[in-house]
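Heads up: the structure comes next, in structure tokens.
Derivation of every value follows stated rules applied to the coordinates shown; laboratory data play no part. Note that the structure is a prediction, hence the values are computed from the model and not measured. Using ideal geometry, Cβ is built from the backbone for each residue, glycine included, and neighbour counts are taken over all protein chains shown.
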Amino acid sequence: MSGPDFRALFETAPGLYLVLTPDLTIVAVSDAYLRATMTRRDEILGRGLFEVFPDNPDDPSVPVVDAAGDLVYIIHRVEDVAEFVRLKERGSAQEKVTEALRTRAEKMEVEVYLRAQELAAHNERLRQLAAELQAANAALEDAQETLVRKERLAILGQLAGGVAHELRNPLGVIKNSVYYLRMVLPADEKVARHLGILEREVATSNRIVTGLLDFARVNPPDRSPTDLGAVAADVLERMPLPDAIAVVFKRADESPTVEVDPEQLALVLTNLITNAAQAMPDGGTLTIESSVADGRASIAVSDTGVGIPPAHREKVLQPLFTTKAKGIGLGLAVAKSLTEANRGTLTLDSQPGHGTRFVVSFPR
């Protein structure tokens, strides 16, 4: 028959006992102690007495010695565990508070994240509304500008014909007077310079008057088979250009003949060539090129002048838009109107500092 299980007997003893090594390390504990302190055996075994039970070290202890009288174990009876339990309960309460705070912090973190998402969505919506408002304002400004331009054009159309006729007569008188003065006045450099200024200003005024008349009296085209290259050659022959402008004329091998009004086409090319010459105040190259492709006949007018800024490209073909010191911005608008009246298109391509190319194209 085997001997009694002293560990089991010890652990089931009714008292609150601990078994310690000489260095006060806990190596055994009674079940009653575990129940009283609400601890588990694995939580305290191997730990020091003062670490587990710091406030009650004077409880009675019984030494256990071996046959040689050396201390082997100490049986320690705990009489007051109230402070230990209180500390443990405080620790448990603190853990609960800590856990509650942790849970609350997590909830707050989630709440902050959700609010941040909502704020980001609201900000995005505000950005969209700002963009829509900006687009609406731009459209309103464009509509207002168009309305103002139409009103100005309506007034201009009513006055242009009469005013132009009234101005043309006195301009003719001034031109004839300058011619007469050149004939009768003695040769004087200063007089000649001022007479030249008069002639140039009269020519400028005549161009403005002509533009007004052309704008006011756009008649239905009288179409007939017309050679684009021949009309361009005739316009170039009749137009005086500065000596500093070199003219390059490239005619297509196939005669580009289309059904257009030749007089209106001549006016279109005159206005385009005039615009090209004005874009090259210091000289350059004017290129006229006719071509046939894809069932259309075209004639292009190119210059090597200052070019048109991107912000102005959609406006240069509108009536009354000009960046020049002289002129009222009708030449290109008349060219576009007459081209479209003859079922054609007028397009442009420009590079600031490198020049501009206008292309007049008609179906064959």
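Take 225-232, 347-354, 64-71 and order them by the average number of nearby Cβ atoms within 10 Å per residue, most first; the result is 225-232, 347-354, 64-71. Site pair E237 and V148 shows an inter-label distance of 4.6 nm when each label is modelled 7 Å from Cα along Cα→Cβ. With one equal scatterer per alpha carbon and no solvent term, the Debye-computed log10 I(q)/I(0) for region 222-363 at 0.22 1/Å reads -1.50. Working from label points 7 Å from Cα in the Cα-to-Cβ sense, the E132 to I75 distance is 8.8 nm. Here the extension length gained between E118 and V247 equals 39.8 nm, from 0.36 nm per residue of separation less the Cα-Cα distance.
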